[in-house]
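Working notes for the structure below.
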There are 2 protein chains.
Amino acid sequence: MSRTFALPAIWKRMSSTSSTGTLTYHSKPLPSKAHLHGPLSDNLFPKGYVATGVHCGVKKPTALDLAVILSTSDRPTSAAASFTRNAFKAAPVLVCQEVLDRNEGRARGLVVNSGCANAVTGKQGISDAWAMVKSTDGLLDPPPSHSQPSTLVMSTGVIGPTLPIGKITSAIEGLKGGPLGSRFEDWEKAARAFMTTDTFPKLRARTFKIRDKEYAIAGIDKGAGMIHPDMGPAAVHSPSPTSGLHATLLGCIVTDAAVSPTSLQTALDYAIDRSFNSISVDGDMSTNDTVVVFANGAAQPEEKEIDQETDWEGYEVFRDELTSFAQELAQLVVWDGEGATKFVTVNVEGAATFEDAHKIASKVSTSALLKTALYAEDANWGRVLAAVGSIQGLTKPLEPARVNVLFVPEDGTPPLPVLVGGEPENVDEVRAKEILSEGKFEIKIQLGIGEESAKYWTCDLSYVSLRPFFSKFLPGGV
Amino acid sequence: MSRTFALPAIWKRMSSTSSTGTLTYHSKPLPSKAHLHGPLSDNLFPKGYVATGVHCGVKKPTALDLAVILSTSDRPTSAAASFTRNAFKAAPVLVCQEVLDRNEGRARGLVVNSGCANAVTGKQGISDAWAMVKSTDGLLDPPPSHSQPSTLVMSTGVIGPTLPIGKITSAIEGLKGGPLGSRFEDWEKAARAFMTTDTFPKLRARTFKIRDKEYAIAGIDKGAGMIHPDMGPAAVHSPSPTSGLHATLLGCIVTDAAVSPTSLQTALDYAIDRSFNSISVDGDMSTNDTVVVFANGAAQPEEKEIDQETDWEGYEVFRDELTSFAQELAQLVVWDGEGATKFVTVNVEGAATFEDAHKIASKVSTSALLKTALYAEDANWGRVLAAVGSIQGLTKPLEPARVNVLFVPEDGTPPLPVLVGGEPENVDEVRAKEILSEGKFEIKIQLGIGEESAKYWTCDLSYVSLRPFFSKFLPGGV
């Protein structure tokens, strides 16, 4: 018996050069992301917070580069945070951890600058981060005692240079009795001041209920490159269960529910693993990744703080709301991934543990070969499979003959199986092309060896993804 | 005190579109790799082997796609192998493991086809791989018994399709009394038959001495994409110490030294971790990666088989020679990495363990952001540092204040420190550009917390790296 086939043309190496001796490529234009940002009703925003964004001078003239968010609640405001597990933590990360430690999970202020990451800046960096904290503490009413700093701090931008700290502290002091407000336009200014290579401000707000009482939650985040966060609480120095994962990703979530500091941190840890620790743009982990959450109890002054020890039911509703909201914010970063033209959900089902499913989803989400195939709209199940199989140290070993891979369209039409029971299907190429030519789809991987699942959100890898880094070879030289 | 700086132009997002609505890029032409292959003296090749490469019909007309290598030694030939740790092992990997198992480390033949990986091909695939083994066994003199198959098998190419097995076995049978030979031209044909997207055949040979006795070693390998091997011996089912690492990489090394089967496997394991398991092109692990080694004792018929239990000194010389030779072969794959314009050594020193150093070197070697910066000839130490710091679970935690990063030129002129004691240097940009504009350089990372080190070999990530996968958007449509 003899069967033959030709190598697909895609495998052929290119050799053409233009008359100038350089290679020329054409690529699709980037899809617009404008629909991902729009006005929100003022009454979706949680009570008891004020915010703004201003230009202080880190970035070029007029761009907003300093955000301040303050809790004005009469009740104690709980705060929790999750920080990059990178060994080279930037100064604001270290200072933010210390503020939370000293205050046992209470804080009322947040200050953020963009344009400079204040990372790898030695003692000067630490001193500058503290100066931002102290200046913002001066905006709090009543002001905290000197030994009890109550502001969290984050920075994003270039690694290496020190901050123009004089300009920053002057701008913060200028906010006294100034433009801080609680309307959409105030929050939007704050969101714009978070941006670096982001193409749109990332701001969301919604309301939710716990036992028929209404609360609100709002959040801002930023990130487009160096995105593959692996964050954890400050106290954890042991390897994470999802170690090996790896933005500057910054996020701030505020709610007017009342939650105890411990339970706020526990809920955040749970949410982070299922949101910000489950996204990838380029597979690289930043030195500055930080997500903070505040809960000020301003919505229902008569309700006690939710705590998992005394009110599991209330806690669980809050935790799941926080997780869902964090996922919405995290996904905005993937949509805005540098050069991304596709938004892809990698859904691993049937694993023995969440950690196993998460490890596999992470690897598939960072496969350079798969990401280039997705840009080319090629349903390359071989690359999916090679990535799945490359993960070592799973709780329960993979059984190749049980594995299914499906491409799931966004529009609700039937999914396209490409691998069933470990054997390739005769794939309808026209249908595959239909699904992959959409901006959004899911790759479902069914392992068939357990009950646990995990999702990851990733994007494709296009010429444009690389363009910011190849400036000197590009016409126009940006 | 106030310090300001502007965002580098490289951070700006691009927005220009051509009149046709597509984006146009220009990139440097790929450097020629022609100098990496040339004729070798016939007498560098080990005694007691014959080889050839022929066209059997897996690939398009005339391209060589079937290699056979046979030991003709009168003494027993030892064989050892290292296989991909991917869970979706291709049929030839499974069959090759079984042949070695059944023969307790003895084998005399190798058969390799290119053009089709015989991966994810179910029972048909296993049957086809055995057919290749049996046919090649028929070329051995004397032929092995039916219960003692003595040929190892490897395949590389597209995942999914089954082999045109009739054409393959006919071609093997056609070699009886045919063109197999021991001259350079015979080996070169074999090397060409290994190739898929490779741009040059990868063949090396040299001589070495153990206690003043002369031996020869020769080898062939192939690989250009899906290259980030993590291989181990067949018996090891536990996670590798370097787990998380991830070609089709195929390699065959032959020597006329005499080495016991056990010691040949031990030496190969040591060599693989320091050679083929220390290279990366795109960070993706293949389902077919296999490296085999044969030792037939034909050079010095009177010498006993080297064994680490009875002759550590002889073993150590052989092991180190095998390691150095495997490194030379492995590096050829990085030189030929799809789209690569730079050959970069990542050298991590001062780690607590080899495994710690190896994990860090692997991560730095796969950072998409660093690899694009290297193509752009940007000495971006921030990206090096972010990658180093992202590794979790080290034996001994990193101490940021002890870390140095240097760019080391190939020409022996002084290295350029970019980070010393965890703080950025004032980098001479002209000098940095000089070093990075060379095709070959080293990134040295000194951790300062131990005595162990590991090297990794990687390449940059260029537009051309992606081109084979974007065919439909390219003029000419290859």
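The values are calculated or read from the model by the stated rules, or taken from the named source; none is laboratory data. From a predicted model like this one, the values you see are computed outputs, not experimental measurements. Virtual Cβ from ideal backbone geometry, glycine too; neighbours counted across all protein chains shown.
So which residues in segment A:132-174 are of a type in the set (S, T, N, Q) and facing another protein chain (nearest Cβ under 9 Å)?
Passing the criteria: A:Thr162, A:Ser170.
Here's the yes/no breakdown for (1) at pLDDT 95 or above; (2) under 25 Å from the mean Cα position of the chain (by Cα); (3) outside any helix (DSSP H, G or I):
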residue: A:Leu140; (1), (2), (3): yes, no, yes
residue: A:Pro143; (1), (2), (3): no, no, yes
residue: A:Glu185; (1), (2), (3): yes, yes, no
residue: A:Glu188; (1), (2), (3): yes, yes, no
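Going through B:Asp74, B:Asp42, B:Asp65 one at a time, which residue ends up being at pLDDT 95 or above and in contact with a Cys (Cβ under 9 Å, 6 or more places away or on another chain)?
B:Asp65
Is there a residue in segment A:458-465 that is part of a loop (DSSP other than H, G, I, E, B) and modelled with pLDDT of 95 or more?
no
Out of curiosity, is A:Thr156 under 27 Å from the mean Cα position of the chain (by Cα) and in the same structural domain as A:Gly115 (by TED's automatic domain parsing)?
Against the criterion (under 27 Å from the mean Cα position of the chain (by Cα) and in the same structural domain as A:Gly115 (by TED's automatic domain parsing)), A:Thr156 qualifies.
Rundown of residues vs (1) at pLDDT 95 or above; (2) in contact with a Lys or Arg (Cβ under 8 Å, 6 or more places away or on another chain), yes/no style:
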position	(1), (2)
B:Glu214	yes, no
B:Asp221	yes, yes
B:Ala234	no, no
B:Ile253	yes, no
B:Val259	yes, no
B:Leu268	yes, no
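Looking at segment A:154-176, can you tell me whether even one residue there is over 22 Å from A:Thr62 (Cα atoms), out of contact with any Asp or Glu (no Cβ under 8 Å at 6 or more places or on another chain), among the basic types (Lys, Arg) and not in a loop (DSSP other than H, G, I, E, B)?
Looking for residues that are over 22 Å from A:Thr62 (Cα atoms), out of contact with any Asp or Glu (no Cβ under 8 Å at 6 or more places or on another chain), among the basic types (Lys, Arg) and not in a loop (DSSP other than H, G, I, E, B), one finds none in segment A:154-176, hence no.
For B:Gly476, which of the numbered conditions (1) in a loop (DSSP other than H, G, I, E, B); (2) buried (at least 16 other Cβ atoms within 10 Å of the Cβ); (3) modelled with pLDDT under 70 fails to hold?
All conditions are met except number (2).
Confirm whether B:Ala386 is of a type outside the set (D, E, K, R) and either facing chain A (nearest Cβ under 8 Å) or surrounded by fewer than 24 Cβ atoms within 10 Å (Cβ to Cβ) (or both).
yes
Taking the options B:Leu64, B:Leu70, name whichever one is more than 19 Å from B:Phe325 (Cα to Cα) and either outside the structural domain of B:Cys252 (by TED's automatic domain parsing) or not in a strand (DSSP E or B) (or both). If you could, list the steps in order and put the result at the bottom.
Numbers: B:Leu70 fails: either outside the structural domain of B:Cys252 (by TED's automatic domain parsing) or not in a strand (DSSP E or B) (or both).
Going through B:Leu64, B:Leu70 in turn, the sole match is B:Leu64.
In this structure, does B:Lys189 turn out to be crowded, with 16+ Cβ neighbours inside 10 Å and away from chain A (no Cβ under 14 Å)?
yes
List the number of the failed condition for A:Ala376; all other conditions in (1) more than 23 Å from B:Val281 (Cβ to Cβ); (2) among the small types (Gly, Ala, Ser); (3) surrounded by fewer than 23 Cβ atoms within 10 Å (Cβ to Cβ) hold.
(1)
Any idea which residue in segment B:312-341 is surrounded by the fewest Cβ atoms within 10 Å (Cβ to Cβ), counting only those that are assigned to a loop (DSSP other than H, G, I, E, B) and touching a strand residue (DSSP E or B) at 6+ places or on another chain (Cβ under 7 Å)? Lay out the reasoning, then the answer.
Of all residues in segment B:312-341, those assigned to a loop (DSSP other than H, G, I, E, B) come to B:336-341.
From what's left, touching a strand residue (DSSP E or B) at 6+ places or on another chain (Cβ under 7 Å): B:337, B:340.
Numbers: B:Gly337: 26, B:Ala340: 28.
Taking the candidates together, the pick is B:Gly337.
Please find, among B:Phe354, B:Phe276, B:Phe318, the residue that is assigned by TED's automatic domain parsing to the domain that holds B:Gln446 and of a type outside the set (Ser, Thr, Tyr).
Going through B:Phe354, B:Phe276, B:Phe318 in turn, the sole match is B:Phe354.
I'd like to verify a number: residues in segment A:420-448 that are farther than 15 Å from A:Asn347 by Cα and surrounded by 18 or more Cβ atoms within 10 Å (Cβ to Cβ), how many? Let's see the steps before the verdict.
Step one: filter segment A:420-448 for residues farther than 15 Å from A:Asn347 by Cα, giving A:420-439.
Restricting the remaining residues to those that are surrounded by 18 or more Cβ atoms within 10 Å (Cβ to Cβ) gives A:422, A:424, A:432, A:435-436.
Total meeting the criteria: 5.
Results for (1) more than 10 Å from chain A (Cβ to nearest Cβ); (2) among the acidic types (Asp, Glu); (3) assigned to a helix (DSSP H, G or I); (4) touching a helix residue (DSSP H, G or I) at 6+ places or on another chain (Cβ under 6 Å), shown as yes or no for each residue.
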position	(1), (2), (3), (4)
B:Asn347	yes, no, no, no
B:Asp356	yes, yes, yes, no
B:Thr372	no, no, yes, yes
B:Leu394	no, no, no, yes
B:Ala401	no, no, yes, no
B:Gly412	yes, no, no, no
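Residue-wise test of (1) crowded, with 24+ Cβ neighbours inside 10 Å; (2) hydrophobic (A, V, I, L, M, F, W, C); (3) assigned to a loop (DSSP other than H, G, I, E, B).
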position: A:Gly251; (1), (2), (3): yes, no, no
position: A:Val254; (1), (2), (3): yes, yes, no
position: A:Leu268; (1), (2), (3): yes, yes, no
position: A:Ile272; (1), (2), (3): yes, yes, no
position: A:Met285; (1), (2), (3): yes, yes, yes
position: A:Phe294; (1), (2), (3): yes, yes, no
position: A:Gln300; (1), (2), (3): no, no, yes
position: A:Thr310; (1), (2), (3): no, no, yes
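It is to be established whether one or more residues within segment B:419-428 are part of a strand (DSSP E or B), in contact with a Gly (Cβ under 7 Å, 6 or more places away or on another chain), over 24 Å from A:Leu369 (Cβ atoms) and acidic (Asp, Glu).
Residues of segment B:419-428 part of a strand (DSSP E or B): B:419-420, B:423-424.
Cutting the leftovers down to in contact with a Gly (Cβ under 7 Å, 6 or more places away or on another chain) gives us B:423-424.
Those still in the list that are over 24 Å from A:Leu369 (Cβ atoms) too: B:423-424.
Remaining after also requiring acidic (Asp, Glu): B:423.
There is at least one residue in segment B:419-428 that is part of a strand (DSSP E or B), in contact with a Gly (Cβ under 7 Å, 6 or more places away or on another chain), over 24 Å from A:Leu369 (Cβ atoms) and acidic (Asp, Glu).
Can you find a residue in segment A:353-372 that is in contact with a Cys (Cβ under 7 Å, 6 or more places away or on another chain), buried (at least 23 other Cβ atoms within 10 Å of the Cβ) and either under 16 Å from B:Ala368 (Cβ atoms) or aliphatic (A, V, I, L, M) (or both)?
no
Take the residues in segment B:100-130 that are more than 23 Å from the chain's Cα centre (by Cα) and either among the hydrophobic types (A, V, I, L, M, F, W, C) or in a strand (DSSP E or B) (or both), then tell me which one is farthest from B:Ile253 (Cα to Cα).
B:Ile126
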